[in-house]
1. When a footprinting reagent is the concern and you count Cβ atoms within 10 Å, what order do Lys10, Lys218 take, fewest first?
2. Could you work out how much longer the chain between Asn223 and His37 gets when fully extended? Use 0.36 nm per residue separation minus the Cα distance between them, nm to one decimal.
3. If the chain between Phe330 and Leu88 were fully stretched, how many nm would it gain, using 0.36 nm times the residue separation less the Cα-Cα distance?
4. If Lys and Arg each add +1 and Asp and Glu each add -1, what is the summed charge of the other residues whose beta carbon sits under 11 Å from the beta carbon of Lys341?
5. Please give the FRET efficiency for Ile230 paired with Leu155, using the beta carbon to beta carbon distance and R0 = 30 Å, rounded to the nearest 0.05.
6. In what sequence do Ser162, Ser63, Ser279 fall when counting other Cβ within 10 Å, fewest first?
7. Calculate one ³J(HN,Hα) per residue across the range 166-173 by plugging θ = phi - 60° into the Karplus curve 6.51 cos²θ - 1.76 cosθ + 1.60, and present them in order as whole Hz with x for glycine and proline.
8. For Phe79 paired with Leu282, estimate the spin-label separation in nm (one decimal), with each label point 7 Å from Cα along the Cα-to-Cβ line.
Amino acid sequence: MKIEYRLQDKFDLTIFISVMLLMAIGLAAIYSSTVNHPTASGNFYKQLFFIIISLILFFIIYSLPQQTFKKFAIPTYLFSIFLLILVLAIGKSVYGSKSWLDFGPIGFQPSEFAKIGTILCLSYWLTYKERDINNLFDVGIALFIGFTPVILILLEPDTGTSIVFAIITIFLIFWSGITLFGLFVVLSPAVVTVASMFGTIMFIFSLIGVVIALFLFKRDLFNSIIVFVINLGASFFFDYVYKILKPHQQKRIAAFLDPMSDPLGSGYNALQAKLAIGSGGLFGKGFMQGNQTQLRFIPEQWTDFIYCVIGEEFGFVGSVIVLILFLIIFIRLLKLTSLAKDRFSILVIAGFLCLLFSHFAINIGMNLGLTPVIGLPLPFMSYGGSSLISNMILLGIVFNIYKNRKLHT
């Protein structure tokens with residue numbers, strides 16, 4: 001018992017065991033969905049290799065000195081921006097997105113590495129010399145740090161990943177103590193933009209909501225007009241961005257608003273995923289017994305739609321177990337933010353929590369038809385080395401913070 005207590009004091013077993021269980025369930029789902037596939041039958045062994053590499057990196061990061069991450073926050077961010085620019089020049093296109101860099105037999109997504117750099121750099125900037133996040137200059141620099149990768153990733157284009165970066169940026173600014181009015185200024189343009197997707201009436205109602213909110217905040221007329229103009233411009237900016245999106249991306253947005261508008265095209269995956277999950281029943285059809293999985297109705301379901309494999313083969317029970325494991329991780333990470341002794345560490349943990357939750361919520365939503373199909377993997381479970389290694393490096397940083405939580409610097 002004494003040894004177990006000492007281990008728990010330096011190493012969060014609750015999170016680690018939950019992550020390992022998610023990896024194991026993900027491996028089983030990858031094996032089931034690829035074992036009889038003509039081109040993807042080796043993905044199980046590749047993912048097993050990725051898991052081993054990610055665990056090695058996890059323990060290396062866990063063993064580093066405490067101040068390493070703060071010292072390398074800005075260099076890591078700048079290097080990640082360089083990689084995002086490089087991928088636009090010489091990157092490899094996959095499914096219409098120029099998001100991969102190949103170095104011989106090794107390929108990776110710079111956007112995954114950029115998540116590490118952005119979280120570290122934002123955490124550093126927001127906590128450097130008692131930063132005042134309600135100062136216009138300081139919040140402007142924070143938005144610049146967070147949205148530079150957003151713009152570069154949109155140019156690939158990779159809409160899903162860029163959305164995650166935007167969410168992380170806004171979340172960390174909020175966590176840093178921005179006022180309610182400041183948060184309204186940051187978030188309201190996004191709300192108006194989303195409302196404009198649903199037609200003119202919703203757009204008008206959202207602008208009316210902005211006007212009411214500005215009245216309640218009782219700000220001076222000049223600032224209120226500026227905020228209103230920003231919100232008005234946001235909808236026109238969305239219309240411009242929508243027009244420059246690739247046709248398949250426009251179809252995905254249309255399919256989200258109405259999956260039946262293109263049931264055999266852009267809405268196909270979402271409809272088939274819901275069918276697979278619904279057909280699993282309480283206990284599922286059994287390992288490697290799913291019709292949707294084995295007959296390959298959903299293309300590459302070992303990546304973004306791996307949750308529907310679990311839903312069909314392991315049923316409601318298996319699906320809920322996955323949700324519970326994620327919930328345990330989220331609750332424990334939230335607890336760790338209160339255990340960390342310095343603001344930089346708190347923001348890093350909060351950023352990682354936001355990253356995992358964003359991927360989790362959007363991916364599960366994609367499988368249930370609640371969010372657009374924007375190509376985001378389910379953390380620790382979906383096939384892919386870049387995402388897994390990035391998440392395990394960030395997890396190693398969090399565990400390092402937990403290990404050194406009593407060393408206040």
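1. On the way: Lys10 12, Lys218 8.
Fewest to most other Cβ atoms nearby, the residues stand as Lys218, Lys10.
2. Numbers: separation 186, 0.36 × 186 = 66.96 nm, distance 5.89 nm.
Residue separation times 0.36 nm, minus the Cα-Cα distance, leaves 61.1 nm.
3. Numbers: separation 242, 0.36 × 242 = 87.12 nm, distance 3.39 nm.
Full extension of this stretch gives 83.7 nm more.
4. Values: positive: Arg343, Arg405, Lys406; negative: Asp342.
For residues surrounding Lys341, the net value is +2.
5. On the way: r = 23 Å, r/R0 = 0.76.
About 0.85, to the nearest 0.05.
6. Working: Ser162 21, Ser63 11, Ser279 16.
The order, fewest Cβ neighbours first, is Ser63, Ser279, Ser162.
7. 5, 5, 4, 4, 5, 5, 5, 5
8. 5.3
Every number in this text was worked out from the coordinates using simple rules, so none of it is lab data. What you are looking at is a predicted structure, and each value in this text was computed from that prediction instead of being measured. We place every Cβ from the backbone using ideal geometry, glycine too, and count neighbours over all the protein chains shown.
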